[in-house]
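Data first, discussion second: the structure below is written as structure tokens.
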Amino acid sequence: MCPAAERDSDTSLICRVRKRLCALPLEHVIETLRPLPVEPVAGAPAFVRGLSVIRGMPLPVVDAARLFGDEDAQPERFVTLVAGTRRIALAVDSVLGVRSISRDALHALPPLLHEAGDDVIASIGLLDAELLLVLRSARLLPAELFPAVIGDA
């Protein structure tokens with residue numbers, strides 16, 4: 001790929017969450033793995049499944065489906081991400097692969113939907129004629145919620 005093309009696109013990990021296509025910027029992705037046991041945490045927000053020990057570290061597991069208001073289900077994959085200065089695991093239905101997404105194909109969330117998802121959705125677009133939601137990995141579990149889920153670690 002030529003350098004100009006690299007500047008005009010972003011590489012993302014594409015995941016499926018129910019019927020939605022979601023993109024996670026690849027620079028925030030650490031790895032994908034099969035789901036591990038999750039220990040519930042009392043008082044955690046509904047979208048936090050609990051804690052899972054991944055590579056020797058307790059990580060909060062954020063359920064992507066619950067973030068979108070869907071009912072609980074069994075995720076098929078975890079995606080570990082850098083979220084700000086911390087790490088989290090995002091529970092998704094499936095991981096479809098890595099794709100380069102043209103920045104021209106992405107748009108800001110319409111003003112009518114800002115309150116509904118602006119904190120989690122960075123932009124929207126189309127991928128293979130299907131709606132694509134580009135997620136803000138740093139906002140999936142806001143920093144102020146980490147102490148409630150995992151303590152001050």
> Do you know which residues across the stretch 7-32 are of a type in the set (A, V, I, L, M) and either farther than 10 Å from V79 by Cβ or in contact with a Leu (Cβ under 6 Å, 6 or more places away or on another chain) (or both)?
Replying inline: L13, I14, V17, L21, A23, L24, L26, V29
> Only one of E27, E6 is modelled with pLDDT under 95 and within 21 Å of S94 (Cα to Cα); which?
Replying inline: E27
> Any residue in the stretch 83-94 that is open to solvent by 20 Å² or more (accessible area, probe 1.4 Å), farther than 12 Å from L140 by Cβ and over 16 Å from the mean Cα position of the chain (by Cα)?
Replying inline: no
>> Checking the condition of a type in the set (S, T, Y), open to solvent by 10 Å² or more (accessible area, probe 1.4 Å) and either more than 16 Å from C22 (Cα to Cα) or in contact with a strand residue (DSSP E or B) (Cβ under 7 Å, 6 or more places away or on another chain) (or both), which residue from S102, S137 passes?
In response: S102
>> Just to be sure I understand the filter: pairs with C-beta atoms under 6 Å, separated by 6 or more residues or on different chains, first member in the stretch 74-93 and at pLDDT below 90, second member of a type in the set (G, A, S). Which pairs pass?
In response: A83/S137; A83/A138; G84/A138; G84/A143
> Pairs under 7 Å by beta carbon, first residue at pLDDT below 90 in the stretch 118-147, partner of a type in the set (D, E, K, R) and in a strand (DSSP E or B), six or more apart or different chains?
Replying inline: F146/R86
> Restricting attention to the stretch 29-49, and to residues there that are surrounded by 19 or more Cβ atoms within 10 Å (Cβ to Cβ) and assigned to a strand (DSSP E or B), which single residue is farthest from the chain's Cα centre (by Cα)?
Replying inline: R49
> Among the residues of the stretch 50-73 satisfying the criterion of being open to solvent by 30 Å² or more (accessible area, probe 1.4 Å) and closer than 20 Å to K19 by Cα, which is modelled with the highest pLDDT?
Replying inline: R66
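The values are calculated or read from the model by the stated rules, or taken from the named source; none is laboratory data. What you see is a predicted model, and the numbers here were worked out from it, not measured in a lab. Virtual Cβ from ideal backbone geometry, glycine too; neighbours counted across all protein chains shown. Ligands, DNA and RNA are stripped out before the accessible areas are found, and what is left, the full protein with its side chains, is counted by its heavy atoms. Shrake-Rupley method; radii C 1.70, N 1.55, O 1.52, S 1.80 Å.
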